[in-house]
Amino acid sequence: MNPSRPFILRPVATSLFMAAILLAGIIGYHVLPISALPQVDYPTIQVVTLYPGASPDVVTSSITAPMERQFGQMPGLNQMSSTSSGGASVITLQFSLSLNLDVAEQEVQAAINAATSFLPVDLPMPPIYSKVNPADAPIMTLAITSKTLPLPKVQDLIDTRVAQKISQLPGVGLVSISGGQKPAVRIQANPKALAAYKLTLDDLRTTIGNVNVNQAKGSFDGPERASTIDANDQIKMASEYEKVIVCLPQWRACAPYRRGGCP
């Protein structure tokens, strides 16, 4: 049986049936519900910059403000919000739906490169950006404990190994670590004792920063091979700070002195 035969034999009924379908579609379109807050995934990129030891005011003026000036010049940027806290700056960039997220990522990387010259030179690492959706909640939370390792070592193990492997999985946008404990050494200085030697807290901070670095010390260039001299000067134990040598301002070009007196 030909399915088109009833419609061919009854043209009037067929016309009325099509008109009824069209009328039902028009009425159904007008009564469709409209969501006031539709779920739309905007291309969003979050830029995190760490500056340990800096106050929120310093982070705002030296990191957040220069980077916002560079990000504000990007085309397709709809919204930009930032949060400056002690030792960290978080900038969230939301782009228009017409802009591809991969293109937005390239623009963010170019803006970070342009802002590098305006950032502090002693940043421990360059700014890190990731593709995120602030409206999404974490889909999985892992709690890790140890009965044999202290909490700082557990934090370092998770940060350097576990989180790196999870972030490499396909579909993972962001891996964040919270609740850990990073090792830290607090130095309590006596301003009166420093003033007696004509020193300031900034002199002490500069000295500690100079002796607590991890970078190449030089290189040997030969006719066939070039070698780099690398040594880790980072101080990890509190007892090692007692051996740090501080220099008097008038003796900076001569000899340093140890704690307890001048040579």
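The values are calculated or read from the model by the stated rules, or taken from the named source; none is laboratory data. Note that this is a predicted model, so its numbers are computed, not measured. Neighbour counts are summed over all protein chains in view; Cβ atoms, including those assigned to glycine, are modelled from backbone coordinates with ideal geometry. Remember, those area values only see protein heavy atoms, side chains included, never the ligands or the DNA or RNA. Shrake-Rupley method; radii C 1.70, N 1.55, O 1.52, S 1.80 Å.
Enumerate the calculated ³J(HN,Hα) couplings along segment 108-117 in order (Karplus 6.51 cos²θ - 1.76 cosθ + 1.60, θ = phi - 60°), each rounded to whole Hz, writing x wherever the residue is Gly or Pro.
5, 4, 5, 5, 5, 5, 5, 8, 4, 5
Given R₀ = 30 Å, what would the calculated FRET efficiency be for ALA184 paired with MET80, taking r from the Cβ atoms and rounding to 0.05?
0.40
Return the FRET efficiency for the residue pair ASP102, SER167: r is the Cβ-Cβ distance, R0 is 25 Å, and the value is rounded to the nearest 0.05.
Step by step, r from the Cβ atoms, then E = 0.90.
Mind checking which lysines have their C-alpha under 25 Å from LYS198, skipping anything on the same chain fewer than 8 residues away?
Cross-link targets: LYS243.
Summarise the accessible area of segment 30-112 (1.4 Å probe, protein heavy atoms) by the percent that is carbon and sulfur.
Numbers: 2540 of 4700 Å².
Carbon plus sulfur share of accessible area: 54 percent.
Quick one: length gained pulling ALA20 to THR148 fully straight, 0.36 nm per residue minus the C-alpha distance?
Extending this stretch completely gives an extra 38.5 nm.
Residue by residue, what Karplus-based ³J(HN,Hα) values in Hz, rounded to whole numbers, does segment 80-86 have, using 6.51, -1.76 and 1.60 with θ = phi - 60° and x for Gly and Pro?
These are the phi-based 3J(HN,Hα) values: 9, 10, 9, 9, 10, 10, x Hz.
For segment 43-199, with every protein chain kept in place, what is the accessible area per residue (1.4 Å probe, Å²)?
So segment 43-199 comes to 66 Å² accessible per residue, rounded to a whole number.
Which residues' amide hydrogens lie under 5 Å from the amide hydrogen of TYR129, considering only partners 5 or more residues apart or on another chain, with H built in the peptide plane?
Those qualifying (amide H under 5 Å, at least 5 residues apart or on another chain) are VAL48.
Mind giving me the nanometre distance, one decimal, between the label points for VAL121 and LYS192, set 7 Å out from Cα along Cα→Cβ?
Result: 3.7 nm between the two label points.
By per-residue mean of other Cβ atoms within 10 Å, what is the highest-first order of 108-114, 144-150?
Details: 108-114: 16.7, 144-150: 8.7.
Descending packing order for the listed peptides: 108-114, 144-150.
Would you check the accessible area of LEU50, probe 1.4 Å, heavy atoms only, in square angstrom rounded to 10?
60 Å²
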